[in-house]
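Since the structure comes first, as structure tokens, the remarks are kept for the end.
The values are calculated or read from the model by the stated rules, or taken from the named source; none is laboratory data. Quantities reported herein were computed from a predicted structural model and do not represent experimental measurements. When we count neighbours, we look across all protein chains shown, and the Cβ atoms used for this are built from the backbone with ideal geometry, even at glycine.
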Amino acid sequence: MRRLVCGAVWLLAVACQRAEVDETPRPPRVRCAAPTTATIDETLELRGRVEPPPGGDLPLASQVAGRIVEVRVLEGERVTAGQVVASVDDAASKQGERQAQTALAQAKTAVANASAVMLRTEALVGRGIAAHQELEDAQARVETEKQNVLAAEAGLELARRTLGRVQVRVAFPGLVTKLWRGPGALVDGTAATPIAQVAVSSNAEFVADVLERDLGKLAAGQPAEVWLRSSPDRLRGTVRTLSAQLDEATGLAQARVALEPTASSPLIGAHGRAQVVVKHRENVLVLPASALRGAIADGAEVVVCERGKARVRPVQVGYRDSERFELISGLEPGGKVALEHVLGLDDGAELTEVP
């Protein structure tokens, strides 16, 4: 019995020793890698929206004063060149045409009467009954009435053109971006009372806001890629122009990115972001972004894998994006850095390097 008790005690002691051994922390397994050379396109991300090119949005107004009887488009609707957008009451224009026709008929009658008088006077002069002055006056009257006919014809042509202008048409294909007036509204025949606004749908541009500190990085001709919230497609473009001055209210400049044509034109006013390639460099030392710890402004660091131990070293970092960063200095040739657990590795801590 005593032997059994002693054996149980011995087994319990061995089990406790094994438990103590198992509880000993093991060095973390860490992937380590050396910097590699790569080609870097330094990019600048800008926020903005799609807008028509300068002069590409046009308020449409009636050239005839009157009351709007019909509006044939809706906001957001695409229109083609020559399409009727709205119509204005044509009663006054038709009345003007009738009056011009009457005036022309009267002018032609006056020419006929003046010509008959001239012929009679010419006969009387030939017979010596009338003076030459009377004939000259009759000839002048005929010429005057002929000029009145020309003026009446011009008036009739103008009245007919005015009648044709009661229909408001768009001059280019585009998108209706705003409606100011509907049926029943009065217009005065000038640009002061527009009916609709149409923006050209082709040659749209992405207009991005630029901070003052970033303005010097941009230049005309730089390639760009644009992503819009309203579309999953990526649009390609080129920086076309930059603002010559900052906006006084916001302190921002603007960059216009000319977009390449696509099967479907982007929606005017759509917001999104653009990535502009501001610099292209080759043979740059880079490391994965996961190897960097600490903000660049506060002093970036990496964890060097050195003979099974972690060594925290400050480094100088250049360009950085979401996937990688440029290593300028701080790592000896042939050195490797940890790619994971970098925030949990203290200087001098043990680690197990894995492939």
Worksheet, complete the sentence: Within the stretch 23-48, of all residues that are in a strand (DSSP E or B) and among the hydrophobic types (A, V, I, L, M, F, W, C), the one nearest to the chain's Cα centre (by Cα) is 46
Worksheet item: Which numbered condition trips up residue 299, out of (1) under 18 Å from residue 284 (Cβ atoms); (2) outside any strand (DSSP E or B)?
Response: (1)
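Any idea which of 315, 303, 284, 257 is within 30 Å of residue 52 (Cα to Cα) and in contact with a strand residue (DSSP E or B) (Cβ under 8 Å, 6 or more places away or on another chain)?
Sole residue among the options that is within 30 Å of residue 52 (Cα to Cα) and in contact with a strand residue (DSSP E or B) (Cβ under 8 Å, 6 or more places away or on another chain): 257.
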Worksheet item: Inside the stretch 53-80, can you point out the residues that are within 22 Å of residue 187 (Cβ to Cβ) and assigned to a loop (DSSP other than H, G, I, E, B)?
Response: 62, 63, 64, 72, 73, 74, 75, 77
Practice prompt. Select from the stretch 305-355 the residues that are among the hydrophobic types (A, V, I, L, M, F, W, C), more than 26 Å from residue 281 (Cα to Cα) and part of a loop (DSSP other than H, G, I, E, B) and list them in ascending order.
Written response: 345, 349, 351
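Within the stretch 90-115, track down each residue that is of a type in the set (D, E, K, R) and modelled with pLDDT of 85 or more. It would help to see each step written out before you state the result.
Let us first name the residues in the stretch 90-115 that are of a type in the set (D, E, K, R), namely 90, 94, 97-98, 108.
Scanning the stretch 90-115 gives a single hit, 108.
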Worksheet item: Across the stretch 234-258, what is the number of residues that are surrounded by 12 or more Cβ atoms within 10 Å (Cβ to Cβ), of a type in the set (D, E, K, R) and out of contact with any Ser or Thr (no Cβ under 6 Å at 6 or more places or on another chain)?
Response: 2
Response to the item:
If we ask which residues in the stretch 289-323 are under 19 Å from residue 36 (Cβ atoms) and either modelled with pLDDT under 90 or loosely packed, with under 13 Cβ neighbours inside 10 Å (or both), their number turns out to be 7
Fill in: Check on residue 308, free of Cβ contacts under 8 Å to residues at least 60 places away in the same chain and on the phi > 0 side of the Ramachandran plot
no
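Residue-wise test of (1) of a type outside the set (Lys, Arg); (2) out of contact with any strand residue (DSSP E or B) (no Cβ under 9 Å at 6 or more places or on another chain); (3) closer than 30 Å to residue 52 by Cβ; (4) surrounded by fewer than 15 Cβ atoms within 10 Å (Cβ to Cβ).
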| site | (1), (2), (3), (4) |
| --- | --- |
| 136 | yes, yes, no, yes |
| 142 | yes, yes, no, no |
| 146 | no, yes, no, no |
| 152 | yes, yes, no, no |
| 161 | no, yes, yes, yes |
| 167 | yes, no, yes, no |
| 171 | yes, no, yes, yes |
| 174 | yes, no, yes, no |
| 177 | yes, no, yes, no |
